[in-house]
1. For the chain, max minus min Cα coordinate along each principal axis, in Å, sorted largest first?
2. Where is the GNM fluctuation largest for the chain (alpha-carbon springs, 10 angstrom cutoff): F203, F85, F33?
3. If you average the sequence gap of Cα pairs under 8 Å that are 6 or more apart and divide by the length of the range 230-283, what percent do you get for the contact order?
4. Ignoring ligands, DNA and RNA, how do L139, L244 rank by accessible area with a 1.4 Å probe, largest first?
5. Run lengths n ≥ 4 of DSSP H only: what is the helix-derived mean residue ellipticity at 222 nm for the chain, with -39500 (n - 2.57) per run over all residues, to the nearest 500?
6. Among the listed pairs K13/K106; K22/K221; K153/K221; K110/K337; K92/K146, which are separated by more than 24 Å between their Cα atoms?
7. To the nearest 20 Debye, how big is the dipole of the range 4-158 about its Cα centre, given +1 on the beta carbon of each Lys and Arg and -1 on that of each Asp and Glu?
8. Compute a Gaussian network model of the chain, connecting alpha carbons closer than 10 Å, and tell me which residue from F300, F54, F328 fluctuates the most.
Amino acid sequence: MKNIMLIGYYGFKNFGDDLLLKSILKIFQEINFSGNIYIPSDNELPINKTSYSFSIKNINRFDILSLRSYVQKMDIVIYGGGNLFQSETSLKSFLYYYYIAKTAMKNNIKILLLSQGLGPIKHKIASKMLKKVLSYKNLQAIFRDKTSYNFAKNYNHNVYLSADLGLYCLMDEQENFIKKDKKNKISICLKNNYNDIESLIDFLSIFNDHEIQTLIINSDKDSSVNYYIVDKMRENKVNIPFPLKDFNKIIEEISTSNLIISDRLHGAIAGIFFGVPTFTYGNNKNQRVLKNISSDYKFFYKELIDISSLYTDYITKGYDFKTLGERFNIDILNSVKITKELIQNAL
């Protein structure tokens with residue numbers, strides 16, 4: 001019986017990471033995997049473990065000695081989506097994921113990087129460690145942006161470029177969502193503290209026949225920002241409900257909106273998945289992934305004041321988000337195909 005460790009930022013009520021976890025487990029179900037999947041997480045996972053044909057086991061995320069012992073028993077170590085190898089948030093985070101990879105490499109265990117991005121890397125020591133991981137002979141990887149893919153190619157030929165896997169878990173239900181009537185609704189997924197919130201309020205005031213809904217994509221980090229936005233909008237007589245953070249309700253809101261404004265990556269790509277006009281915060285990670293979906297996507301903002309000009313550009317020049325969504329769906333299926341092949345070859 002095969003043992004696999006699946007690593008990610010799971011169990012922290014982050015919409016994007018929950019999507020990635022559900023999608024990767026769906027892939028394991030579809031290839032009829034029957035072994036054990038170990039997930040380092042001290043929190044409850046957003047899944048029903050009994051609905052899978054394989055065993056899913058939580059293990060202690062931060063007990064390093066115990067974690068090393070588990071890694072040594074694995075047949076494959078899988079990094080399941082996201083920019084896990086980065087040192088922007090902290091070097092400590094990078095070192096955690098590197099420690100797992102180093103243990104796997106020392107024991108000649110196969111490593112798969114699925115739906116990954118690399119960086120930003122802010123520390124020289126992290127850069128050297130990352131190159132060592134990428135050079136590992138038993139590593140194969142699928143990257144979701146060209147910058148990460150091109151960098152990894154310098155150290156390993158077993159790398160692929162494809163789409164983010166996260167939305168695959170929704171494909172079986174996609175038609176049901178699409179059949180629902182779009183509402184006069186704008187969904188907002190913000191994480192940053194902006195100094196020009198009045199610009200967003202002024203923009204939204206144009207849409208007096210629209211519902212406005214804020215979505216908390218990362219429960220640990222986004223709540224205070226979104227409640228602040230709601231308070232400010234109510235002060236300005238904008239009728240707006242409290243923010244939503246339930247996984248299923250977020251999907252419902254995004255799929256039935258006619259405009260998405262998102263700081264968060266998976267808020268944006270979920271909008272594109274459903275063919276909804278979507279404006280995205282223009283940090284490096286978001287730009288890399290969105291440009292990989294389509295090189296002509298250009299709806300990035302740096303400040304909230306930019307949103308009104310993006311909307312004017314969208315209305316006057318037009319952009320076919322429906323076709324973009326259809327192409328993105330095809331790319332997701334191609335990514336799933338490659339992922340299944342890599343996993344099955346590694347087993």
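The values are calculated or read from the model by the stated rules, or taken from the named source; none is laboratory data. This is a predicted model, so every value here is computed, not measured. With ideal geometry, Cβ positions are generated from the backbone for all residues, glycine too; neighbour counts draw on all protein chains shown. Areas reflect the complete protein model, heavy atoms only, side chains present, ligands, DNA and RNA absent. Shrake-Rupley method; radii C 1.70, N 1.55, O 1.52, S 1.80 Å.
1. Computed over the chain, the largest-to-smallest principal extents equal 61, 43, 36 Å.
2. Looking only at F203, F85, F33, the largest GNM fluctuation is found for F203.
3. Result for the range 230-283 is 26 percent.
4. The ranking, largest first, comes out as L244, L139.
5. Details: 13 runs with 158 residues, N = 347.
So the helix-based figure for the chain works out to -14000 deg cm²/dmol.
6. K13/K106; K153/K221; K92/K146
7. The calculation lands at about 620 debye.
8. Of the options given, F54 has the highest mean-square fluctuation.
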